[in-house]
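**Q** Handing you a structure now.
The values are calculated or read from the model by the stated rules, or taken from the named source; none is laboratory data. None of these values were measured; they are calculated from a predicted model. So basically every Cβ, Gly included, is an ideal-geometry build from the backbone, and we count neighbours across all protein chains shown. The accessibility values were calculated without ligands, DNA or RNA, using every heavy atom of the protein model including side chains. Shrake-Rupley method; radii C 1.70, N 1.55, O 1.52, S 1.80 Å.
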Amino acid sequence: MQKSSLWLVAIAASLLSVSVYAGEVQVDAATVRATAPGQQTAMGDLSITSKQIALLVGVSTPVAQRVELHLMSHDNGMMKMREVQEIPLPAGRMMNLKQEGYHLMLVNLQEPIREGASVPLTLTIRLANKKTIKLETNATVKPLIVIDSTEHNHMHP
Ligand SMILES: [Cu+2]
């Protein structure tokens, strides 16, 4: 009797903290670029607003083997990119990954990503108190056409 009521308290407490912390972080406008046949990678973008300082430490999706976090930089006039382990999220400000020089890279696609489809993404975010939360969002798929010079200079193999 004692034991089961303790369990209930523990479960109630953890449910409460999950919803509280999930409410701390909001994800908006997730997109993934459609891919051409045979293309193994797809770029993605999204906006995150965190009430407190936090880190985006990982993203996963059922449509790709893994999702890398990439940072773009200029090097002698050349656009380069490298993988990073985390993306810092400032407190209380909407962080658009692409505007900040970041993007997601879906690697080893299970199948081509088609315009009009929806791609589930699971974000892993580490809060300042070291608690890790997971957030689900659905990315809309943008057309394949490259209209953006940033993307044009940043073709992935
Ligand atoms: Cu990249």
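**Q** How much of Ile145 can a 1.4 Å solvent probe reach, expressed as accessible area in Å² and rounded to 10?
**A** The accessible area of Ile145 comes to roughly 120 Å².
**Q** Something else now. Let me check something: with ligands and nucleic acids excluded, how do Lys98, Lys130 order by accessible area (1.4 Å probe), largest to smallest?
**A** Lys130, Lys98
**Q** Straight-line reach from Lys80: which lysines fall under 29 Å, measuring Cα to Cα and dropping same-chain residues less than 8 apart?
**A** Hits, sequence-local ones excluded: Lys98, Lys142.
**Q** Can I ask one more? Between Met78 and Leu144, what is the spin-label point distance in nm, taking each point 7 Å from the Cα along the Cα→C-beta axis?
**A** Label at Met78, label at Leu144, 2.8 nm between them.
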